[in-house]
Amino acid sequence: PEGVIRDPDIHFDGTKVLFSMRNSIRDDYHLYEINVDGSELKQLTFAPRVSDIHPVYLPDGANVFISTRDPKYNPCQRPLMANLFRMNGDGSNIRQIGFNTQFEGRASLMPDGRILYTRWEYVDKHYAPAYGLWTANPDGTNHRLYYGGYGWQPSAIVDARIIPGTEQFISIFTAVHELEWGAMVIGDPS
């Protein structure tokens, strides 16, 4: 009753949900999985003083998520920043697959199996348009810019999802420090 649940991702077969939860204000976020009928709740991650959030099912049975396990401090934010991690479906074999110095997160799965994610980047650019969309293979190889890396606006692109059957994506265009709201936009990387 004191907990907070966030970031649900429904399994491909529609029978399970992967999500992050903290049991109380004194707890950290950990990853859980539950059947859609409410049975078989399983905690998958357990690290103390670590937040594991934004989980995504992968077709090979693994999951990708972001975590503060390798803490980063951003020059203009107080909370710990996170990077991409991967684990087996049962929570074992956790390993880091993204190593950005700022932030990586809000991932989704692309139709071709790559991971689409938001990356906070200051390299070779002005600080204001800091969040672009990047892609990576599910094993952590081939990180590359997808959209929005060098434009002045918007300053942040978050929660992107590919529109099935197209090259377009839908996402929120927002401000760097206002990630929870903004304009819903259909974008095209071409």
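The values are calculated or read from the model by the stated rules, or taken from the named source; none is laboratory data. Quantities reported herein were computed from a predicted structural model and do not represent experimental measurements. Glycine gets a Cβ as well: all are built from the backbone with ideal geometry, and neighbour counts include every protein chain shown. When the accessible area is computed, the model is the full protein with side chains, heavy atoms only, and any ligands, DNA or RNA have been set aside. Shrake-Rupley method; radii C 1.70, N 1.55, O 1.52, S 1.80 Å.
Assuming 1.567 mPa s and 4 °C, estimate D for segment 1-63 with Stokes-Einstein, Rh taken as the Kirkwood radius over Cα pairs, in µm²/s.
Details: Rh = 12.0 Å.
Diffusion coefficient, whole number: 108 µm²/s.
Need the full-extension length gain, residue 40 to residue 175, defined as separation in residues times 0.36 nm minus the C-alpha distance. One decimal, nm. Present the calculation step by step, with values, prior to reporting the outcome.
On the way: separation 135, 0.36 × 135 = 48.60 nm, distance 3.92 nm.
Stretched out fully, the residue 40 to residue 175 stretch lengthens by 44.7 nm.
Return the sequence-ordered ³J(HN,Hα) values of segment 91-103 in whole Hz as given by the Karplus equation 6.51 cos²θ - 1.76 cosθ + 1.60 applied to θ = phi - 60°, using x for Gly and Pro.
Per residue, the Karplus-derived 3J(HN,Hα) values read x, 7, 6, 6, 8, 7, 10, x, 10, 4, 7, 10, 7 Hz.
What's the extension gain from residue 2 to residue 90 if we count 0.36 nm per residue and subtract their Cα-Cα distance? Mind showing how you got there, number by number?
Working: separation 88, 0.36 × 88 = 31.68 nm, distance 2.57 nm.
Going from the current span to full extension adds 29.1 nm.
Could you please report the charge total around residue 91, scoring K, R as +1 and D, E as -1 over all other residues with beta-carbon less than 10 angstrom from its beta-carbon? Please list the in-between numbers first.
Working: positive: 42; negative: 33, 52, 90.
Value of the local net charge: -2.
Write down the accessible area per residue of the chain in Å², having rolled a 1.4 Å probe over the full set of protein chains.
Details: 9880 Å² over 190 residues.
Each residue of the chain exposes 52 Å² on average to a 1.4 Å probe.
Are there chymotrypsin sites (Phe, Trp or Tyr not before Pro) in segment 90-121 that DSSP puts in a loop and that have at most 15 other Cβ atoms within 10 Å, and which ones? All intermediate terms of the calculation are to be shown ahead of the outcome.
Values: sites: 99, 103, 117, 120; in loops: 99.
Passing both the DSSP loop test and the Cβ count: 99.
Under a Cβ-only charge scheme (Lys and Arg +1, Asp and Glu -1), can you give me the dipole magnitude of the chain about the Cα centre, in debye to the nearest 20?
Numbers: 17 positive and 23 negative charges, 109 e Å.
The calculated dipole for the chain is roughly 520 debye.
With the Cα gyration tensor of the chain in hand, convert its eigenvalues to equivalent ellipsoid semi-axes via √(5λ) and list them largest first in whole Å.
Working: eigenvalues 137, 77, 49 Å².
Semi-axes from the Cα gyration tensor: 26, 20, 16 Å.
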